[in-house]
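Trainee: Okay, here's the structure, questions in a sec.
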Amino acid sequence: MTAKAYAFQAEGLVKRFGETTALAGVDLAARPGTVLGMLGPNGAGKTTAVRILATLLRPDAGTARVAGYDVARQPEEVRRRIGLTGQYASVDEDLTGTENLVMIGRLLDLPRAAARARAAELLERFDLTEAAGRRASTYSGGMRRRLDLAASLVAHPEVVYLDEPTTGLDPAKRDDVWGMVREQAEAGVTVLLTTQYLEEADALADEIVVMNHGTVIAHGTPHELKAVVGGQSLQVRPLDPARLPEAAAVLERVTGSRPAEPSRGVVRVPVDGDAALGAVVARLAADGIAVMELSLRLPSLDEVFYTLTGAASGGAEQPRPGAEPGPVPNPTAKEASAT
């Protein structure tokens with residue numbers, strides 16, 4: 001695939017902060033209208049990569065192009081085509097919701113009427129219409145986050161960077177953001193999503209890169225990455241927990257493999273394909289073992305993340321001192337035209 005076929009592409013990105021290397025030759029690429037998920041422990045280099053692609057940092061080595069424009073040599077062209085939401089909401093708390101979005105639109109050279117119309121559209125989409133006339137300082141954390149997300153979409157960007165966009169949102173509002181991400185991708189917008197919620201990447205990403213210590217250590221579709229830690233497993237949860245040993249014996253007898261130690265009322269055994277499924281169902285029925293759950297599953301993305309990084313799910317690894325700067329600010333439209 002040629003460079004022009006990518007919405008953004010980075011090759012060999014290197015970034016150092018003093019004696020610490022935050023990025024050590026990172027390659028990233030995403031096709032138009034797709035979601036690229038970026039996973040990694042704290043300090044892995046994710047935010048640094050986002051900052052470079054958003055023209056907020058210059059790489060020490062390597063190249064990156066967004067919508068066909070070089071981030072170092074043509075930053076103004078890049079900024080006209082991107083939206084950015086950082087890890088923490090960054091809105092002007094002295095302005096109302098409407099005023100925040102209209103200000104962004106005006107800084108992006110939208111006529112006043114068009115800016116107000118776009119603001120109203122986004123406030124409705126993010127369920128902020130009733131609060132549109134209130135100062136942002138009165139908003140809850142989740143409301144500020146939604147306003148920040150709306151700000152990143154004012155300019156109808158070609159590429160959107162979402163750096164942990166659902167931080168601080170309750171499950172219902174998180175689902176709303178997920179819907180927005182899917183809508184943007186379906187409309188042809190390319191999304192780079194960094195997240196600590198592995199189920200978020202699993203649900204949204206077409207492809208995933210896993211970073212650790214400033215390098216990409218794995219890249220593929222969620223299905224491909226799950227294959228990294230082994231094949232499928234067959235798991236059974238008996239209706240009567242006391243019959244767990246009998247269910248384990250059935251699995252071993254049918255598959256010829258020793259099941260893993262039962263956990264939380266479930267026993268599982270590795271299998272190669274689904275050939276054993278029917279035989280297990282028949283044997284459980286013959287032995288009168290009723291089940292609440294019987295499934296054939298791939299490893300979870302949590303298991304993949306743990307296997308690849310050695311860190312607990314959700315980024316329990318502590319950041320390396322000086323490895324990566326703090327939260328991405330949401331730059332003003334005049335500064336970066338990114339929101």
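The values are calculated or read from the model by the stated rules, or taken from the named source; none is laboratory data. Keep in mind it's a predicted model, so treat the numbers as computed, not measured. Neighbour counts run over all protein chains shown; Cβ positions are idealised from the backbone, glycine included. Remember, those area values only see protein heavy atoms, side chains included, never the ligands or the DNA or RNA. Shrake-Rupley method; radii C 1.70, N 1.55, O 1.52, S 1.80 Å.
Trainee: Top mean-square fluctuation among 110, 53, 244, Gaussian network model of the chain, C-alpha springs under 10 Å?
Mentor: Top of the fluctuation ranking is 244.
Trainee: Considering only the other residues whose Cβ falls under 9 Å of the Cβ of residue 301, what net charge follows from Lys and Arg at +1 and Asp and Glu at -1? Show your work: numbers first, answer last.
Mentor: Numbers: positive: 226; negative: 199, 202, 302, 303.
With Lys, Arg at +1 and Asp, Glu at -1, the net is -3.
Trainee: Also, quick follow-up: If exposed means no more than 12 neighbouring beta carbons inside 10 Å and the site is in a DSSP loop, what's the longest run of the chain without any exposed trypsin sites (Lys or Arg not before Pro)?
Mentor: 74-263
Trainee: Still on this structure: Spin-label point model (7 Å from Cα, Cβ direction): what's the residue 239 to residue 70 distance in nm?
Mentor: In this crude label model, residue 239 to residue 70 measures out at 6.9 nm.
Trainee: Further, regarding this structure: For the Cα atoms of the chain, what angle does the longest principal axis make with the long axis of helix 141-151, in degrees from 0 to 90, nearest 10?
Mentor: Helix 141-151 sits roughly 60 degrees off the main axis of the chain.
Trainee: Please compute the contact order of the stretch 249-293 in relative form: average sequence separation of alpha-carbon pairs under 8 Å and at least six residues apart, divided by the residue count, as a percent.
Mentor: Once normalised by length, the contact order is 32 percent.
Trainee: Report, in deg cm²/dmol and to the nearest 500, the calculated mean residue ellipticity at 222 nm for the chain, where each DSSP H run with n ≥ 4 adds -39500 (n - 2.57) and the sum is divided by the residue count. Present the calculation step by step, with values, prior to reporting the outcome.
Mentor: Details: 12 runs with 114 residues, N = 339.
Helix-only estimate at 222 nm: -9500 deg cm²/dmol.
Trainee: Could you give the C-alpha radius of gyration of the chain expressed as a fraction of 2.2 N^0.38 Å, taking N as the number of residues it contains? Could the numbers behind the result be given before it?
Mentor: Details: Rg = 23.4 Å, N = 339, 2.2 N^0.38 = 20.1 Å.
This ratio for the chain stands at 1.16.
Trainee: Between the helical axis of 97-107 and the dominant principal axis of the chain, each derived from Cα atoms, what acute angle in degrees is found, rounded to the nearest 10?
Mentor: For helix 97-107, the angle is close to 60 degrees.
Trainee: Please provide three numbers in whole Å: the alpha-carbon extents of the stretch 104-263 along the principal axes, with the largest listed first.
Mentor: Principal-axis extents of the Cα atoms in the stretch 104-263, largest first: 73, 36, 29 Å.
Trainee: Hey, any idea what % of the chain's accessible area is carbon plus sulfur with a 1.4 Å probe?
Mentor: 49 percent
Trainee: Please tell me the relative contact order of the chain in percent, rounded to the nearest whole number, where contacts are Cα pairs under 8 Å and at least six residues apart.
Mentor: Computed over the chain, the figure is 25 percent.
Trainee: Cut-off 10 angstrom, C-alpha nodes, Gaussian network model of the chain. Which of 254, 177, 35 fluctuates the most?
Mentor: So, out of 254, 177, 35, the one fluctuating most is 254.
Trainee: Still on this structure, please answer the following. So, for the chain, what is the accessible surface per residue at a probe of 1.4 Å, expressed in square angstrom?
Mentor: That works out to 45 Å² per residue.
Trainee: Of 247, 120, 49, which has the largest mean-square fluctuation in a 10 Å C-alpha GNM of the chain?
Mentor: Of 247, 120, 49, the Gaussian network model singles out 247 as fluctuating most.
Trainee: For helix 275-286, what angle does its Cα long axis make with the longest principal axis of the chain, in degrees from 0 to 90 and rounded to 10?
Mentor: So the helix axis and the longest Cα principal axis differ by about 50 degrees.
Trainee: Residue-wise, which Karplus ³J(HN,Hα) couplings in Hz belong to the stretch 245-258, taking 6.51 cos²θ - 1.76 cosθ + 1.60, θ = phi - 60°, and x for glycine or proline?
Mentor: These are the phi-based 3J(HN,Hα) values: x, 5, 5, 4, 5, 4, 4, 5, 5, 6, 8, x, 10, 7 Hz.
Trainee: Hey, another quick one. Over all directions, what mean area does the Cα convex hull of the stretch 213-297 project, stated in square nanometres?
Mentor: Average of the hull's projected areas for the stretch 213-297 equals 6.8 nm².
Trainee: Could you give the length gained on full extension between residue 124 and residue 199, defined as 0.36 nm per residue of separation minus the Cα-Cα distance, in nm?
Mentor: 24.3 nm
Trainee: First select every other residue whose beta carbon is under 10 angstrom from the beta carbon of residue 93; then total the charges, Lys and Arg +1, Asp and Glu -1.
Mentor: Net of charged neighbours comes to 0.
Trainee: Beyond 15 Å, what share of the Cα-Cα pairs of the stretch 59-141 is found? Please give it as a whole percent.
Mentor: Working: 2256 of 3403 pairs.
When every Cα pair of the stretch 59-141 is considered, 66 percent fall beyond 15 Å.
Trainee: Before anything else, pin down the relative contact order of the stretch 99-257: Cα pairs under 8 Å, at least 6 apart, normalised by residue count, whole percent.
Mentor: 13 percent
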